[in-house]
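To keep things clear, I will list the structure first and then write my remarks on it.
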Amino acid sequence: MLDHLSLGVRNLDHAKRFYEAMFAPLGYRCLRANETELAFGTDANWAFWLYPVEDGANLVGARTHVAVKAASRDSVIEAHRIGVAGGGLSAREPGPRPDISQAYFGAILRDPDGHTIEITHWDASLADA
């Protein structure tokens, strides 16, 4: 349903370093970088955009979060580890969430600007009956 999403950041250079590192285990990379925008994704899907926001402007809305796909549980764990090491705050450690689904494995962190980023892996072999 969604084509792409955009988030505001206070420091575009810092955000680039943070997301390049955190997205690497997920197979996402920076596809466009200039003084007015950053685009992350795959060659086929430029789905995650960042734009600088002036001082004093709101960045984060209550209960807003972005979930990104991971190919494996290990990539969830690694992306979360890199995100926290890069200045993000863990909101939920990597792990299964049977209350969501037997197939779900994920983690949540807040990036340095306060955006909530969920990293998810759905294992079809464990899908709920």
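Taking the condition of being farther than 16 Å from P112 by Cβ and either in contact with an Asp or Glu (Cβ under 8 Å, 6 or more places away or on another chain) or small (G, A, S) (or both), how many residues in region 61-72 meet it?
So the count comes out to 7.
Where residues in region 82-113 are exposed (fewer than 15 other Cβ atoms within 10 Å of the Cβ), in contact with a strand residue (DSSP E or B) (Cβ under 9 Å, 6 or more places away or on another chain) and small (G, A, S), which of them is modelled with the lowest pLDDT?
Looking at residues that are exposed (fewer than 15 other Cβ atoms within 10 Å of the Cβ), in contact with a strand residue (DSSP E or B) (Cβ under 9 Å, 6 or more places away or on another chain) and small (G, A, S), I get S101.
Scanning for something of a type in the set (F, W, Y) and not in a strand (DSSP E or B), does region 26-42 turn up at least one residue?
Looking for residues that are of a type in the set (F, W, Y) and not in a strand (DSSP E or B), one finds at least one in region 26-42, hence yes.
Just checking, which of G27, G88 is among the small types (G, A, S) and either within 20 Å of L2 (Cβ to Cβ) or out of contact with any helix residue (DSSP H, G or I) (no Cβ under 9 Å at 6 or more places or on another chain) (or both)?
Details: G88 fails: either within 20 Å of L2 (Cβ to Cβ) or out of contact with any helix residue (DSSP H, G or I) (no Cβ under 9 Å at 6 or more places or on another chain) (or both).
Selected residue: G27, the only one of G27, G88 that is among the small types (G, A, S) and either within 20 Å of L2 (Cβ to Cβ) or out of contact with any helix residue (DSSP H, G or I) (no Cβ under 9 Å at 6 or more places or on another chain) (or both).
Only one of these is under 13 Å from L26 (Cα atoms), touching a residue at least 40 places away in the same chain (Cβ under 8 Å) and surrounded by fewer than 16 Cβ atoms within 10 Å (Cβ to Cβ): A67, A79, A57. Name it.
Exactly one of A67, A79, A57 is under 13 Å from L26 (Cα atoms), touching a residue at least 40 places away in the same chain (Cβ under 8 Å) and surrounded by fewer than 16 Cβ atoms within 10 Å (Cβ to Cβ), namely A67.
The values are calculated or read from the model by the stated rules, or taken from the named source; none is laboratory data. Only a predicted model underlies this, so the values are computations on that prediction, with no experimental measurement involved. In this analysis, Cβ positions are derived from the backbone assuming ideal geometry, glycine residues included, and neighbour counts consider all displayed protein chains.
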